[in-house]
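Enquirer: The structure is given below, and queries will be raised subsequently.
Please treat every number below as a calculation from the coordinates, not as lab data. On a predicted model such as this, the values are computed, not experimentally measured, just so you know. As a convention, Cβ positions derive from the backbone with ideal geometry for all residues, glycine included, and neighbour counts pool all protein chains shown.
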Amino acid sequence: MSFPATHPNPTGAVPENTRLISAGEPGAIDLVCSVLEQGNTVAVPTETVYGLAANALLPEAVARIYSAKERPSFDPLIVHLPDREWVLRLCEGPVPELALKLMDRFWPGPLTILFSKSELVPDLVTAGLPRVALRMSAHPVFQAVLRQFAGPLAAPSANRFGRISPVTANDVREELEGRIPMILDGGKCERGIESTIVSLEGDRICVLRAGPVTPDELSAFGEVVMQNRPSESPVPGQLPSHYAPRKPVRLVEEGERVDANSALIAFRHSREGHVGPLEILSKTGDLEEAAAHLFSALRRADASTASGIVVEKVPPRGIGIAIMERLDRAAGKEANE
Ligand code: TXA
Ligand code: MG
């Protein structure tokens, strides 16, 4: 059924237009909060990637996230907090000592920690799992939204399910235009790669998704175990490949011979004779810079006229571990979100 543009959509669920609003515009935060308070979704900037936010305590609002993203409801969402007090409300039982130490060191910032969930957290948020993923973003614009909203916001990356995470407001439009009421433009995300996700098992820190907070940094707080299994979904390994461009992606060693016409995402240097589209992640070989450029480079290479994308591997240290995890998935080596 369709309605004239001026007629309010009685379902309220599928907006016909997506409004883009700049974070600098007067009243922007008020407007975003009024949309959130109505139980609707807004795409917001974080320091990692853009998230699609909705009231985490309202199942109808959370359901709108799943439907806009076409995300299967067995894949749980990260909850973003206005302040640390909310950990006490959303977590069942005492907060583990190790979690407190990690929060002191890395929050606000790109570290997501799993906690036993309290009754307050709707099952839809955790996809029925007993634990909830919590994080405090360091992005000043998202922080302003959370402060004013004064409650937790569930927010997965603001892409359609299985696609590359957005790092600009324009990327979000490509993904979700017409499916969500509003995008808050806070510029390009600084980190460019999603948060590190950890679960705490006694003194051990299990890394379920590699990210900007590196195993090295975590190892100051306990033994680090790399699990790279972000989802405890009932069908592990059966989700479609994630971070997937439409074109085939092939990974090569730095400097390895490649088809001169392919779209090349090089780590540091171009190659002699390469005529296809070219992206250089970091001329100085800086892995943080490479991470910040990765998803935009993949998006542009995917939109180019080349028939395939070739990406050079980066050294698997520091945030390079997270980059390689994303690249392995883009190349279809792993089939798990
Ligand atoms: O940087 C980020 O983490 C971004 C920004 C927006 O905060 N968010 C993000 O969310 O990447 P999403 O939904 O795209 O990825 C979250 C991952 C998913 O793979 C999900 O399965 C996992 O976290 N996850 C969430 N809650 C979980 C839980 N309770 N147990 C296990 N895995 C969980
Ligand atoms: Mg995602």
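Enquirer: Going out from 0 in 10 Å bins, what whole percent of all Cα-Cα distances in region 146-305 drops into each bin?
Expert: 9, 28, 35, 22, 5, 1
Enquirer: In terms of modelled amide H atoms, which long-range or inter-chain residues lie less than 5 Å from the amide H of V224?
Expert: Correct list: I205.
Enquirer: Note down the nm distance, to one decimal, between modelled labels 7 Å out along Cα→Cβ at E92 and at S67.
Expert: 2.9 nm
Enquirer: Ok, one more. Evaluate the distance, in nm, between pseudo-label points positioned 7 Å from the Cα of R300 and of E85 along their respective Cα→Cβ axes.
Expert: Label at R300, label at E85, 4.5 nm between them.
Enquirer: Let me ask something additional. Report the residues of region 290-323 in range of a label on V252: point 7 Å along Cα→C-beta, backbone N strictly under 20 Å from it.
Expert: 294-295, 297-316
Enquirer: Identify which of L200, L327, L111 has the largest mean-square fluctuation in a Gaussian network model of the chain, with springs joining Cα atoms closer than 10 Å.
Expert: L200
Enquirer: Tell me which of G222, L184, I197 sits at the most positive position along the dipole axis of the chain, charges placed on C-beta atoms (Lys, Arg +1; Asp, Glu -1).
Expert: Towards the positive end, the residue furthest out is L184.
Enquirer: Another one. Using only C-alpha positions, report the orientation-averaged shadow area of the convex hull of region 25-175, nm², one decimal.
Expert: Hull-based average projected area comes out at 8.4 nm².
Enquirer: For R105 and R268, FRET efficiency with R0 = 22 Å and r from the beta-carbon atoms, rounded to 0.05?
Expert: Step by step, r from the Cβ atoms, then E = 0.10.
Enquirer: Express in nm, to one decimal, how much length is gained between V225 and E25 on full extension, taking 0.36 nm for each residue of separation and deducting their alpha carbon distance. Could you put the intermediate results ahead of the total?
Expert: Values: separation 200, 0.36 × 200 = 72.00 nm, distance 4.43 nm.
Computed gain between V225 and E25 is 67.6 nm.
Enquirer: I've got another one for you. I need the helices of the chain that pass two filters: whole DSSP H segments spanning 18 Å or more by Cα along the axis, and mean Kyte-Doolittle score no lower than -1.0.
Expert: Membrane-span-like by this criterion, though nothing is claimed about a membrane: 287-303.
Enquirer: Give, rounded to the nearest 20 debye, the magnitude of the charge dipole that the chain has about its Cα centre when Lys and Arg contribute +1 at Cβ and Asp and Glu contribute -1 at Cβ.
Expert: With Lys and Arg at +1 and Asp and Glu at -1, about 500 debye.
Enquirer: Also: What lysines could a cross-link reach from K283, if we take a straight Cα to Cα line under 30 Å and drop same-chain neighbours fewer than 8 places away?
Expert: Partners within reach: K188, K247, K313, K333.
Enquirer: Across the chain, where is the longest run that never hits trypsin sites (Lys or Arg not before Pro) in a DSSP loop with at most 11 other C-beta atoms within 10 Å?
Expert: 1-245
Enquirer: Can you give me the orientation-averaged projected area of the convex hull built on the Cα atoms of region 143-219, in nm²?
Expert: About 6.9 nm², averaged over all directions.
Enquirer: Farthest toward the dipole's positive end in the chain, which of V145, L36, V87, given Cβ charges of +1 (Lys, Arg) and -1 (Asp, Glu) about the Cα centre?
Expert: Farthest towards the positive end: L36.
Enquirer: Over the Cα atoms of the chain, compute the convex hull volume and normalise it per residue, giving Å³.
Expert: Values: hull volume 47.2 nm³, N = 337.
That works out to 140 Å³ per residue.
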